[in-house]
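Below is one structure, written out as structure tokens; the observations come after it.
The values are calculated or read from the model by the stated rules, or taken from the named source; none is laboratory data. Predicted model, so just to flag it, every value in this text is computed and none were measured. For neighbour counting, all protein chains shown are included, and Cβ atoms are generated from backbone atoms with ideal geometry for every residue, glycine included.
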Amino acid sequence: MARTRLSMRKIREVLRLKSSGLSYRAIARACLIGKETVREYLGRAAEAGLSWPLPEGLSEEELERRLFPNEPVSVRKESEPDWALVHRELRKKGVTRQLLWEEYRAAEVQGYRYSQYCERYRRWTKALTPVLRIAHKAGEKMFVDYAGMTVPYTERETGEAREAAVKVVEMLLARLRKRQFFSLEEINAALGPLVDALNDRVMEHLGKSRRRLYEELAKPHGNLRGPGYYS
């Protein structure tokens, strides 16, 4: 029986971790796969002349074609999202339906549209067994989150697990929740493109991006804090 291939997303992560200097054993532990599997895929990448970072614009289909040149590209079929997993993910800070749908469509190009995705999730939740809800009277208790969201990372030299408190919009940190980092520099490098994309996104209610608002309203008056302060 043929062994199931790793997803292209997982292979990308293997290549990224290898470029960070990790051993096969450490990569296998981080990606929850076997050490020989790591060796196999890194060998395929080397034969294909691929290393991290991968060429810009390289699609998953082309990556698979280059890693498996003599084998047919796997046919992707639309699959129903794992609604139980979606339900658990939505309990995490910064995780939204929009984010989960974007991740779903990245893996299922022909998958449900956002409205269909939300409707099917709503139907799934109707079948859940009701859970006990605890009512809190206003002013009776106060719940404080001192640090907000943090990003876990592992010190490469010592293997010590740490948490980095980052001042950034929670929905950006939520996009990094499945990645493993080994330094603050890696975290900052991953956050940079996400922050730029957020600042350049046009807000529907204003018709302008955060960056545009910053350049029009704040920068001329000496405010140099950057566009991240506009929402």
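Worth a mention:
- Qualifying residue in the range 74-81 (condition: β-branched (Val, Ile, Thr), loosely packed, with under 12 Cβ neighbours inside 10 Å and outside any helix (DSSP H, G or I)): yes
- Of all residues in the range 126-140, at least one satisfies being at pLDDT 65 or above and part of a loop (DSSP other than H, G, I, E, B).
- The lone exception for THR37 - which of (1) polar (S, T, N, Q); (2) in a helix (DSSP H, G or I); (3) loosely packed, with under 12 Cβ neighbours inside 10 Å it fails: (3)
- Residue selected from the range 89-109 under the condition in contact with an Asp or Glu (Cβ under 7 Å, 6 or more places away or on another chain) and not small (Gly, Ala, Ser), by the criterion modelled with the lowest pLDDT: GLU108
- Within the range 83-121, restricting attention to residues that are surrounded by fewer than 11 Cβ atoms within 10 Å (Cβ to Cβ) and without any contact (Cβ under 8 Å) to a residue 12 or more places away in the chain, the residue that is farthest from the chain's Cα centre (by Cα) is SER115.
- Restricting the range 192-222 to residues that are part of a strand (DSSP E or B) and at pLDDT 80 or above, the residue that is surrounded by the most Cβ atoms within 10 Å (Cβ to Cβ): SER209
- Among the candidates LEU50, LEU15, LEU63, residue that is assigned to a loop (DSSP other than H, G, I, E, B) and either of a type in the set (Val, Ile, Thr) or out of contact with any Asp or Glu (no Cβ under 6 Å at 6 or more places or on another chain) (or both): LEU50
- Flag if GLU40 is among the acidic types (Asp, Glu), at negative phi and touching a helix residue (DSSP H, G or I) at 6+ places or on another chain (Cβ under 7 Å): no
Residue by residue, here is whether (1) surrounded by 12 or more Cβ atoms within 10 Å (Cβ to Cβ); (2) part of a helix (DSSP H, G or I) holds:
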site	(1), (2)
ARG29	yes, yes
ILE33	yes, no
TYR41	yes, yes
GLU56	no, no
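- The set of residues from the range 18-27 being within 20 Å of ALA189 (Cβ to Cβ) and not in a loop (DSSP other than H, G, I, E, B) comprises LYS18, SER19, ALA26, ILE27.
Here is a yes/no grid of residues against (1) in contact (Cβ under 8 Å) with a residue 24 or more places away in the chain; (2) of a type outside the set (S, T, N, Q):
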{"residue": "ALA164", "(1), (2)": "no, yes"}
{"residue": "ARG177", "(1), (2)": "yes, yes"}
{"residue": "ASN199", "(1), (2)": "yes, no"}
{"residue": "ALA218", "(1), (2)": "no, yes"}
